[in-house]
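A.B. asks: Take a look at the following structure, please.
Each value in this text was obtained by applying a stated rule to the coordinates, not by laboratory testing. In this text the structure is predicted, and so the values were computed from the model without any measurement. Cβ atoms come from the backbone with ideal geometry, glycine included; neighbour counts cover every protein chain shown.
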Amino acid sequence: MAAASQRFGMPVKIRPRSMTAGGRRVCAREWTRGHAGARRMARGRARLAAAALASALVAAGCGATGPAAGTPATTRAATGAGTAGATPAAASASQTSASQTGASRKGGSRRRRRPRSRPPGTLPQTGRLPSGHSATLEREMEGLWTAVRTGRLAPGLAAFFPEAAYLQVKAIADPAADYQSRLIGDYRLDIAAAHALLGTSAASARLVGVRVPEPYAHWVSPGACYNRVGYWEVPNARLLYRAGGVLRSFGIASMISWRGVWYVVHLGAVLHPAGVGVVDDPSLGPGASAPSLTC
């Protein structure tokens, strides 16, 4: 469209500036309108392409069995079907959380190994006076009673003074041989004698308990009775049992201590006749304990 103007006092017709497009001259307005249309078309194509790409991604995420494009195969394999449509960052976070949870469960289910406790006889002696009413003593007496009732030595060994402790106590040439031949030998004979005392009531006889005369307990110092280590000794405790509905008892000649626990060391007699089992003072009822300074 022509525009009127005045130059040097004379009217001048100004023609719009023209541009060359595709080998022809076009008006500026016409060129502008064409350029704007091209841009709209380009944007439309871009939208269509984006929509097509989104549809392809959704289809791949829902129906594909392999890893989607742009997602690491290792991540998808590790996270499983539950994270097939997740982004790599989300899948990685899920994988890390699952790994930590698995490690936590594995660590929680693994049991810690407790250090093995050493046998008490291998440990050093203490000066603690044992109790005559402890759960440990009760368990020992149950083992001793099982040995007496069945006539077998093995159940009664838990109540007997430990060999390792005896090796620490005795200052003699061969304490191990003395322990096995004299102490264990006599204990075996005395158990057999007590079993014979029960007779036909052995199977039905029941343990009532043990009475320890604690006032008679005394300390045996090192140097006495060929000992290098001291211990507490209590004489003439009573093992109470019921047979045929009648309360009966017999004695335990000597018990000595190791680390605050009583153990039988002589069942029937301290001075034992060779090759003969002894039952210490069998009685009707609970019987009576007598003081003694044995070692």
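A.B. asks: Let me check the size of the stretch 158-202 from its C-alpha atoms; what are the radius of gyration and Dmax in Å?
C.D. replies: For the stretch 158-202, the Cα radius of gyration and maximum Cα-Cα distance read 13.7, 43 Å.
A.B. asks: Under 5 Å between amide H atoms, partner at least 5 residues away or on a different chain: which partners does Val220 have, H built in plane at 1.01 Å?
C.D. replies: For Val220, the qualifying residues are Tyr231, Trp232, Glu233.
A.B. asks: Which value in nm describes the separation of the simple spin-label points at Thr136 and Leu123, placed 7 Å from the Cα toward the beta carbon?
C.D. replies: 0.7 nm
A.B. asks: For a Förster distance of 22 Å, can you work out the FRET efficiency between the beta-carbons of Ser283 and Tyr226, rounded to the nearest 0.05?
C.D. replies: Numbers: r = 33 Å, r/R0 = 1.49.
In this case the efficiency is close to 0.10.
A.B. asks: Determine, at each q value in 0.22, 0.28 (inverse angstroms), the log₁₀ of I(q)/I(0) that the Debye formula gives when each Cα of the stretch 229-280 is one equal point scatterer.
C.D. replies: Values returned for q = 0.22, 0.28 Å⁻¹ are -0.84, -1.02.
A.B. asks: Does the stretch 175-257 come out rounded, prolate or oblate by the C-alpha gyration tensor, with a ≥ b ≥ c the root eigenvalues, rounded set by a/c under 1.5 and, if not, prolate when a/b is larger than b/c and oblate if not?
C.D. replies: Details: a/c = 4.35, a/b = 1.64, b/c = 2.65.
Oblate shape, in that a/c is at least 1.5 and b/c is the bigger or equal ratio.
A.B. asks: Using only Cα atoms, what is the ratio of the radius of gyration of the stretch 142-295 to 2.2 N^0.38 Å?
C.D. replies: Working: Rg = 15.2 Å, N = 154, 2.2 N^0.38 = 14.9 Å.
Compared with the compact-globule rule of thumb, the stretch 142-295 sits at 1.02.
A.B. asks: For the stretch 126-208, what does the alpha-carbon gyration tensor say about shape, rounded, prolate or oblate, given a ≥ b ≥ c as the root eigenvalues, a/c under 1.5 as rounded, and a/b over b/c as prolate? Before the final figure, lay out each step's value.
C.D. replies: Working: a/c = 3.36, a/b = 1.42, b/c = 2.37.
Verdict is oblate for the stretch 126-208.
A.B. asks: Which cross-chain or sequence-distant (5 or more) residues have an amide H under 5 Å from the amide H of Ala171, H modelled 1.01 Å from N in plane?
C.D. replies: Excluding prolines and chain starts, which carry no amide H, the hits are Asn227, Arg228.
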